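Some notes on the structure that comes next.
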């Protein structure tokens, strides 16, 4: 009897998986495709209608926290070549990875800290967590 209950539970889970995945994707958006990773992530602040045209600077180069499944602050400003400390205060590993590959912390375990160097070229650099593509932000170098 117990194995039948497990078989039914497994069948329901397998049937619901694609539906749940679609719901989550609708909420957080798709992972970046090849067209996003092959194109430059540096955007000039003067580009009209760009979602990265005017990020809200919150930190002048300091600390960014990966808290559970978001970056705090997500959008921040740093001077060219500044060191940015990324602390994982969440419960799972995260990265802070530029979409154009300019910088990458590599995996940061829960409770650990990593550092990245802001690019020397001014501009807006889109970044994400390579494990959780819905975790995104903008590093503005100015």
**Inter-label distance, nm, simple model (7 Å from Cα along the C-beta direction), residue 117/residue 134** = 3.5
**Message:** Run the simple label-point estimate for residue 69 and residue 109 please: 7 Å along Cα→C-beta, distance reported in nm.
**Reply:** 2.4
**Asked** Once Rh for the range 63-108 is found with the Kirkwood sum over Cα pairs, what is the Stokes-Einstein diffusion coefficient at 20 °C and 1.002 mPa s, in µm²/s?
**Response** 192
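No lab work stands behind these numbers, since they all come straight from the coordinates. As the structure is a prediction and not an experimental result, all values here were calculated from the model. Note that each Cβ is placed from the backbone with ideal geometry, even for glycine, and that neighbours are counted across all protein chains shown.
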